[in-house]
Amino acid sequence: MRTNKLNLRREIKNLNKAIAMKCLDCVCCQAKEVLRCQITGCPLWNLRPKRLKGLYTIIRELKKKNPGYYQAES
Ligand code: SF4
């Protein structure tokens, strides 16, 4: 039972991270733009991150995985 709860929590965390990564990719890694997104027709709109906490860590991870893909912030 406990193992199932832990697995479920891990799955939810992974799904939230995947959604955050997609949203960050969508806005070229500008974290604040994810919060300001007004594309209500997007299937991820209700699920997108609602606060900045953790987004900069994910941005670093995305840039590390895809060097040169995202432009440096000015
Ligand atoms: S919710 Fe907004 S930021 Fe996220 S993928 Fe959709 S359009 Fe892009």
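A short reminder: the numbers here are calculations on the coordinates, not readings from a lab. Everything numeric in this text was worked out from a predicted model, so none of it was measured. Glycine gets a Cβ as well: all are built from the backbone with ideal geometry, and neighbour counts include every protein chain shown.
The charge dipole of the range 2-65, taken about the Cα centre with unit charges on the Cβ atoms of Lys, Arg (+1) and Asp, Glu (-1), comes to about 360 debye, rounded to the nearest 20. Straight-line cross-link partners of Lys32 among the lysines, defined as a Cα under 22 Å from its Cα and at least 8 positions apart when in the same chain: Lys13, Lys17, Lys22, Lys50, Lys53, Lys63, Lys64, Lys65.
As I understand it, the value is the acute angle between the Cα axis of helix 55-65 and the longest principal axis of the Cα atoms of the chain; what does it come to in degrees, rounded to 10? For 55-65 against the chain, the angle is about 80 degrees.
Label-to-label distance, Tyr69 versus Ile12, with points set 7 angstrom from Cα along the beta-carbon direction: 2.8 nm.
Projecting the Cα atoms of Val27, Asn4, Tyr56 onto the charge dipole of the range 2-65 (Cβ charges, centred on the Cα centre) puts Asn4 farthest toward the positive pole.
Reported value for the range 2-65: 94 Å³ per residue, from the convex hull of its C-alpha atoms.
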